[in-house]
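Just so you know, all these numbers are worked out from the coordinates, no wet-lab data involved. Every value quoted in this text rests on a predicted model; they were computed, and no experiment measured them. Reconstructed Cβ throughout: ideal geometry from the backbone, glycine too, with neighbour counts over all protein chains shown.
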Amino acid sequence: MFTFEPCGTNYVDGFQVVNRTTNEVVATHENEFSKSAAAPNQNAISVEKVDEYTAAIYQYVPGQMVAQYTFSLPKPKMYILGQNEVGDAWNPTSGIAMTWESGNVWSATVTTAPGRENLGFVSVLAENNDEGGWTYVNGNRWGLENDKQEGALAEKLTVSKNSNSINVGVGTFFIRMNLDDNTLYIAPTKLYVIGTSNKAEGHHWAPNDDSYMAESDPETPGVFTFDPIDLKVENKAVGEEAEEDLAYFAFVTGIDAEWGPVNNSRWCPDNKDGELTDNTDFTDFGKHYNGAFCIKNGAYKLTVDLNTKTVKAVYLTSSGVEQVGAEAAGVIAADGRIRIVGDAATVSVYNAAGQAVAINSAERTFAVARGMYVVVVDGKATKVIVR
């Protein structure tokens, strides 16, 4: 608690701010008032709380306000250790400053690399990188129960005051430290899909495949949307008849030339294949080293919520819109035909190999074989799948 008091017999002599917990004067404002404010008659101040660390101070003489001041306490700090890019990764004198949110809550976005997956959380930094510096920093440090314990992603983890580091894995992460309730939240900001690719024909499993990557909104960490995404069966184009075959894929928070760190960041069913169906929540998955999702060959809108461990796939028409209301897209592909709806001057149609089916045509209906096509209507290209 802080009190605002006159420095002398009244506020003409200035005022001071006192920390009543320690009885320490933490701020003093000397007499810098105007002539009218310096009059000895009924000088007064009022204080208005702006937030937990800021107060607005108003000085009055009878009938008027003559001065306004702002008093701010230093906001509490939190730093992340273990990510120095030059020299030793760990240094008690250097850390990433987290952004203060409110109370004792801070957040930051951090990118880790192989060999630098461990983080430390401290409220102070040392002046020297020596044993005394580490003793000082470790006395103001928070971690999980065990040193180098893996921090489960998209969950609230309990932290306590200790010198343990936390393993978050490889990738880019949103982190929130909350010492009001002693919890730590870590969520990847990027999510990749491996197992399907637009960069190679057919099935494409590669640890460095970045064909599909989604980023979370800072307001909703841990939630990702791929719209659209082509989930393909090996040696089949999207939408091409695949009989009973299914497209297989998994999510990872980071890509690399080697499978080891990628599989360590993998999200999938536990050591099994989990089949998704259209417009249905799938919840039987987590952070596992082996396993995959599978789904009918096609184009989808895919929503992943790591907080609730939910995946939802909505099948799309090849024009990239949900099946309901597809006519609004201007191009309809069905029953061996491509049909143009609405006003259009010219239409060009190309197959998956880039061969022209029609160029600058005035026709509105095209009979075609099953497969993927690109339809250009008045200069606007739309990908469609004919079944």
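Which lysines, if any, have their Cα less than 16 Å from the Cα of Lys287, not counting same-chain residues under 8 positions apart?
Partners within reach: Lys156, Lys190, Lys272, Lys309.
Sort 359-369, 263-273, 208-218 by packing, meaning the average of other beta carbons within 10 Å per residue, with the highest value first.
263-273, 208-218, 359-369
Which of the peptides 93-103, 292-302 is most tightly packed, and how do the rest follow, going by the mean number of other Cβ atoms within 10 Å of each residue? Can you show the working numbers first?
Working: 93-103: 15.5, 292-302: 21.6.
Packing proxy ranking, top to bottom: 292-302, 93-103.
What is the P(r) of segment 150-195, as percent of Cα-Cα pairs per 5 Å bin from 0?
Pairs per bin, as whole percents: 5, 20, 28, 23, 12, 6, 3, 2, 0.
Can you spot the lysines whose alpha carbon is less than 29 Å from Lys380's alpha carbon? Ignore those fewer than 8 places along the same chain.
Excluding near neighbours in sequence, the set is Lys199, Lys232, Lys236, Lys296, Lys301.
What are the residues whose amide H is under 5 Å from the amide H of Asn91, where those residues sit 5 or more places off or on another chain and H is modelled from the backbone?
For Asn91, the qualifying residues are Gly82.
Per the Kirkwood treatment, what hydrodynamic radius in Å, one decimal, follows for segment 82-210 from the mean inverse distance over all distinct Cα pairs?
16.1 Å
Students often check this: by mean Cβ neighbours within 10 Å, which of 17-23, 156-162 ranks highest, and how do the rest follow?
156-162, 17-23
Starting from the eigenvalues of the Cα gyration tensor, five times each then square-rooted, give me the equivalent ellipsoid semi-axes of segment 190-315, largest first, whole Å.
20, 17, 14
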